[in-house]
Structure formats: C-alpha cells, structure tokens
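Okay, so here's the structure we're looking at.
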Amino acid sequence: MNALLQIDEVSHDFGGPALFHNFSMTLPMGGQCLLVGPSGSGKSTLINLICGFLKPRSGEIRIAGEAISQGAEAARDAVRKRHVAVVFQSLRLVSALSVAGNLQLAARLAGRAASQTDIALLLDELGIGEKANARPHQLSQGQAQRAAVARALIARPSLLIADEPTSALDDANAARVADMLLRLASDHGTGLLVATHDVRLRPFFDKAIALEGVPA
Amino acid sequence: MIRLVLAYLGENRLTSALNVILLAIPVAMLVLLLQFARQSEERFLAGAEGIDLVVGAKGSPLQLVLSSVYHLDRPTGNIPLAELERLRSNPLVASAIPLALGDQFDGFRIVGTEAALLELYDAHLARGRPYARPFEAVIGAEVARTTGARIGQRFVGSHGLAAGDEGEGHEATPFEVVGILAPTGKPVDRLILTSVESVWDVHGIEHHDEEAGEGGHEDEHAHDEAKEGLHEGEAEITAILLSYRNPSAAVRLPSYINRGTNLQAASPARESTRLILLFEPAIRAVGAFALLLAIAGALAIFISLWSTMRSRQPDLALLRVMGASRGAIFRTVLLEGVMTAGLAALAGIALAHAMLWAASRAWQGVSDAGIVAGRIGAGEGVLFLATLAVGTLAALLPAWGVTRSHLAPILQRN
Ligand SMILES: Nc1ncnc2c1ncn2[C@@H]1O[C@H](COP(=O)(O)OP(=O)(O)O)[C@@H](O)[C@H]1O
Ligand SMILES: [Mg+2]
C-alpha cells in the first residue's frame, strides 16, 4: 500500500541558500505528524511544496502514490484536490459567503457531495452549529478557525494540513486546538500534518520532524 | 460559482450599484435614441402612406408636407378650388383629396375634406356616423380622448391652427360631433374632420353647392389677414393630397405642377427623408456622447474590478486551495463584470422605457409624435449584447491579472 505522504530527497531554495537539502520523510495512511521549527525555517514552503503550489528544485513528493512535485499545474491541482485540504493561519474562509456557504463551495470544488445535513452535522461536531449562517467577519478567532477546519474536512481529504494553528493562543486554548485536530483527524480517518514553531504542541504528537532552517 | 459571484457583488453593494448606474445611463440614452429614431421614422412613413404628392401654394416643400400630411406646420397658403377639378381630370392622377384648413378647436385642427381621407388613413368610425350635413364633424381618437368630447357635443372652432393661436371664436357657427374614429396611429387621430363646405361656411365664403343648407351665411368676424388658412373671399382650399395612377406620373406630374402652374407639388417621401437626414447629425452627436459615457462606465467597472481584485487576492488564493482551477477563478472575475454589465443593460433599458412612458404622460408632444414605451425590439437586444461585451472587456484584464498571480507568496504571507 502507498504511503499517504512520501517525500524523497527534496531540495528547494528561493535563489539564496537551500531551505532544504535532500529532505525526506514519510507519513503512513492516517498518520499524524508535527512539523516543528523556528520562524523562517521553511515550514510553510514545505507545505506549498506538498500542495503542489511550488515545484521543488529536485526530489519527488507523492501523495497516496501520486506525484505532485512534477507535471503541469492542472495535474498537480487535481492531485491536491483529491487528497489534501489545508487550514492556514489567517486565510480561513471566503469572506463573501456564510460559513455554510463556504462549506458548500468547498465540497463542490472538491467534487464531493455534501448535503445540508452533512454540513450541519460537521459544524455541530466542531461546536459551531449555530454559526452556520454567520458571515466570517461575525466569528471570533476560535470560531473562524473551527469553521476553517470544517471547510477543510467537508472535502474529505486523506491528508489534513494545518499551518500554525496555535500561534496566537494561550496554553489552554492551544491544547484544546491540538486535541481537536488530533481527534477529528482520527475520527474522520484523515492523516494530519501540523506545521508550527510552537513547541507547546510537541507532547501531543507521537511523531515530530524538526526543520532547522538556514543558519543566519 | 454564480452564487459566489452574486455574493461578491452583494459584498460590495455600493460599488456594484454605482457601476451598474454608470453603465445604465448611457444604455438608457442609446435606447431612447433608438426608440425616438425608429418610432418617429415609422410614424412618419405611416403618416405619408398612400400620399404620393401634396399640392398647395408655392413656398417651402417641407412646410407644405408638414402642414398637410402631418398637420404640424402652418400651410404655405391657399389655392383656388378650381385646381382640384383640374387635377382630378388629369389622367395621371388616381385620386385627389382636398384639405381646407384654417380653424382649430383646443389645439386640434379642423380639416374640411372628403370621405376619401378616411379611406386613405384606413380610419374607421368607432362610434357615431360620418358627417353629412354642414357643421357636423367626425373627430379623431386622440381628439376625443384629450377633449373628452362625445357624440352630440357642440364646439366652437377658433381661427388659427395651434392651441396657442389667439384667434377669435366662430360662436355663430358651432360644430356638432357626430362620429368618433378608432385610433390609427396616424395624423388623422389628431384631426377634426368636416366637409370643405362647412369650413367655407364658417368663414362666410360664397360657394355654389347644393348641399349647403345654410349657404350664404354672413360672417361678421373680420379675420386678420393671416397668411395661413382660409379667410373670406373666393372658394379656396389649402392643399390637395394626390395619388398617382401609374409610375410614370411620379416623373411627370411634380415637374408639370411646379413649372407649369402657380402651384407647388411636394413628395412626402422625399421631404420626410430630408427631414430625417436633417436630424441625423443630432442623433449621431447624442449617440457619440452616449458611447463616450459607455466608455466611462466600462472604465469604472474596470477600475473597481481591478482594485477589488487586489484586496480579494487572498480570497481567490483560498479558492484555489479549495480546488478551484485558474480557469474557474478567471471565469468568476469575468462573470462579475458580465453580470454587472448585464444588470446595467437591463436597468438602462427599463429606465429608458420608464422615461418614455413618463414623458408620453407628461408631455402631449411626445405622444403626439407617436412615441410609446414598451416596444422592445431587436435594437435593444443588440444593445444588451454589446453591453455584455463591454463588461467582459472591462473584466478581462483584472481577471487575467488575478489568474497570473502566484499562489505560494500569498499563502506564505498568511
Ligand atoms: N516566495 C518566496 N520568495 C523568496 N523567499 C521566500 C518565499 N517564500 C518564503 N521565502 C523565504 O523562505 C524562508 C522560509 O519561509 P517559510 O517557509 O514561510 O518559513 P516558516 O513557515 O517556517 O516560517 C524565509 O526566509 C522566507 O523569507
Ligand atoms: Mg509559516
């Protein structure tokens, strides 16, 4: 069986020193992993590579056996669409649509059918059921983040990626978010990759990969 | 995707509405122009149908046509009644209908004529009967509607041809309405028809006619010697409407009349074409102005889309993350421009017709000219499509710009 995520000897740079040199990692189906490293160490860049938004200088990335590090953009888009959903730190919801509207659009764009009931159930599961018709700007930070996670999960990805989900939270809330992500990922049978500079999250994960970054 | 575009339009309600208005105004102008040009042309052509030639006193041919076909201008003068018989005996003439003008009631012209005029305009009585005796009159639909005159009603004509003319009343010789015509959309709607003899009688003109029961009636009013219309003296009429017996008449009759007699012959077709040509530069100028406004509207759409796209970049990046292709993003932006333009086109067309409707209520002149609202034709269709094209064009560059932008840096920043 294919690994969920297979990164083989990937190197990348932005014209300066290499951010990664021959970086490799694997994540089995349903696996959970923390990607930890200081700011600027290349975590977000790695996520862009995994999502196929960037092409690495060399090496190969496969998701569920499908290469996303090569080929035309449309092909990389298709692989991402089939397998990956991402929650960004501040880029969470389409501002013009309600929470439910965001979920509906996400499901449709991912080519998945999602009924009103599916959406209501998922929002309930995340404790924001009463916010279905609210607009993004009417939500608190925590609610918006949950809505973004719901938006990602409605697409039924095999890999859920979260970039800095806890950066602005106090200890208790950071712990709550980490718990939520881990629980949801295993409940939905989704692999989980969390990128953070927040070392408080380390104890929640069995597996962690550290990025050193470029020495200044 | 359409719902997303609608949501975006709704999110920037004010800007969207402003853009719609900016583009709707020139659309409305163009529709108005289109309607005026088409409807007045149609009206003109319908009014002159069946009239090959107008014969009257020497003067401006356009004035002769306007006064005796469309009943808009003042007549060029009078001609002797004898000319009618002479023309009737001409083998080139199929029919000749006399017109005797001079008086009006409430701004509507009293026309002394023959029953053939009704046939010419294909006018039928809605109520009542044709005029038979002196001082009986049949009124056009517009006259009946405006004055509220009914069968049996008596009215007094006054000298002059327009409502503003301060003529004296012919109190001694009131007319009686005996018939009301159904609407025709032609000039006859605004006329009060009676016999030529009645018009003479009002003005105390001696004529030898067996039907004239009240013949020899004395007119105690001294009319000022206005050039227009009839006044005391020998039996005269104002103009004659002719139709040709054969095509060769079109070549020979006008030149014969214009050169060989003291009369003037004018062709309604030629004069109305000249009139329309007269309006063409004005129509062109207004059209060019409207196009300029349309360009301004398109520019407004372009600028607002361009600036919205900058602020919406993270949103659109998120859409890409959610699985929307570049093509889909391109289409959303394009659709936003197209929908703005489509709304503007619909609003503009509706606005123009609302204005036409309001104008035809508020100003008699507009409905007199035969301009009515709600007649949406192919012109509007073309204009609608053209407006959509303008919207597409305005959205093209912003859409392309958004589609070209690289995702990774946007995502990195967030
Ligand atoms: N598009 C880009 N062009 C040039 N440099 C970039 C670009 N994206 C990121 N970088 C640089 O790469 C490094 C890693 O950034 P990033 O992946 O965002 O780190 P992290 O998410 O771990 O904080 C930073 O030094 C950043 O300035
Ligand atoms: Mg980062």
Discussion item. Angle check, please: helix B:326-362 long axis (alpha carbons) against the longest principal axis of chain B (alpha carbons), in degrees 0 to 90, nearest 10.
Written reply: 20
Worksheet item: With each label point set 7 Å from Cα along the Cα-Cβ vector, what nm distance links residue B:250 and residue A:186?
Response: 9.7
Worksheet entry | Length added when fully stretched, residue B:133-residue B:296, from 0.36 nm per residue minus Cα-Cα | 52.3 nm
Worksheet item: What residue among B:378, A:11, A:110 has its Cα farthest toward the positive end of the dipole of the protein assembly as shown, where the charges are +1 on Lys, Arg and -1 on Asp, Glu, each on the Cβ?
Response: A:11
Discussion item. Averaged across orientations, what area in nm² does the convex hull of the alpha carbons in the protein assembly as shown project?
Written reply: 41.2
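Can you show me the helix-derived [θ] at 222 nm for chain B, built from DSSP H runs with n ≥ 4 at -39,500 (n - 2.57) apiece and divided by the number of residues, rounded to the nearest 500.
-18000 deg cm²/dmol
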Practice prompt. Pull up all non-local amide H partners of residue B:261: gap of 5 or more, or a different chain, and H-to-H distance under 5 Å with H placed in the peptide plane.
Written response: none
Worksheet item: For region A:1-68, with the dipole built from +1 on Lys and Arg beta-carbon atoms and -1 on Asp and Glu ones, taken about the Cα centre, which of A:39, A:22, A:68 lies farthest toward the positive end?
Response: A:39
Worksheet, complete the sentence: Taking protein heavy atoms only, a 1.4 Å probe, and rounding to whole percent, the accessible area of region A:143-190 owed to carbon and sulfur comes out at 45
Item to complete: Using only Cα atoms, find the angle between the long axis of helix B:247-260 and the longest principal axis of chain B, and express it within 0 to 90 degrees, rounded to the nearest 10.
Response: 60
Worksheet entry | Carbon + sulfur, % of accessible area of region B:9-158 - ligands and nucleic acids excluded, 1.4 Å | 59
Worksheet item: Leaving out same-chain residues fewer than 8 places away, which lysines sit with a Cα under 20 Å from that of residue B:58?
Response: B:227
Worksheet item: Can you tell which of B:60, B:358, B:185 lies farthest toward the positive end of the dipole of chain B, using +1 and -1 charges on the Cβ of basic and acidic side chains (Lys, Arg; Asp, Glu)?
Response: B:358
Fill in: Check: the protein assembly as shown dipole with +1 on Lys, Arg Cβ and -1 on Asp, Glu Cβ, in debye
5120
Discussion item. Output the 0 to 90 degree angle, nearest 10, between the alpha-carbon long axis of helix B:378-404 and the longest principal axis computed from the alpha carbons of chain B.
Written reply: 20
Discussion item. Show log10 I(q)/I(0) for region B:262-392 at q = 0.11, 0.14 Å⁻¹, two decimals, from a solvent-free Debye sum over equal Cα scatterers.
Written reply: -0.62, -0.84
Worksheet item: Tell me which lysines have Cα within less than 22 Å of residue A:43's Cα, excluding those fewer than 8 residues away on the same chain?
Response: A:55, A:81, A:207
Worksheet item: Between chains A and B, what is the buried accessible area in Å², counting both sides, with a 1.4 Å probe and ligands, DNA and RNA left out, to the nearest 100?
Response: 2300
Worksheet item: Taking chain B as a Gaussian network, Cα atoms linked when under 10 Å apart, which of B:356, B:319, B:396 shows the biggest mean-square fluctuation?
Response: B:319
Practice prompt. Might you report the magnitude of the Cβ-based charge dipole of chain B about its Cα centre, with Lys and Arg at +1 and Asp and Glu at -1, to the nearest 20 debye?
Written response: 4260
Worksheet entry | FRET efficiency for residue B:279 and residue B:313, using Cβ-Cβ distance with R0 set to 45 Å, rounded to 0.05 | 0.35
Response to the item:
For the protein assembly as shown, dividing by residue count, accessible area per residue (probe 1.4 Å) in Å² works out to 45
Worksheet, complete the sentence: Ranked output for segments A:156-166, A:25-35 by mean other Cβ atoms within 10 Å, highest leading, reads A:156-166, A:25-35
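For region A:21-111, give the percent of accessible area contributed by carbon and sulfur heavy atoms, probe 1.4 Å, rounded to a whole number.
C and S atoms contribute 51 percent here.
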Worksheet item: Could you give the dipole magnitude of region A:1-133 about its Cα centre, charging the beta-carbon of Lys and Arg +1 and that of Asp and Glu -1, in debye to the nearest 20?
Response: 220
Worksheet entry | In sequence order, calculated HN-Hα J values of region A:44-55 (Karplus, 6.51, -1.76, 1.60; Hz; x Gly/Pro) | 5, 4, 4, 4, 4, 5, 4, 7, x, 6, 10, 9
Worksheet item: residue B:237's amide H: which non-local residues (gap 5+, or another chain) put their own amide H closer than 5 Å, with H modeled 1.01 Å from N in plane and none for Pro or chain starts?
Response: B:79, B:81
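The values are calculated or read from the model by the stated rules, or taken from the named source; none is laboratory data. This structure is a prediction, so every number in the text was calculated from the model and none was measured. Cβ atoms come from the backbone with ideal geometry, glycine included; neighbour counts cover every protein chain shown. Ligands, DNA and RNA are stripped out before the accessible areas are found, and what is left, the full protein with its side chains, is counted by its heavy atoms. Shrake-Rupley method; radii C 1.70, N 1.55, O 1.52, S 1.80 Å.
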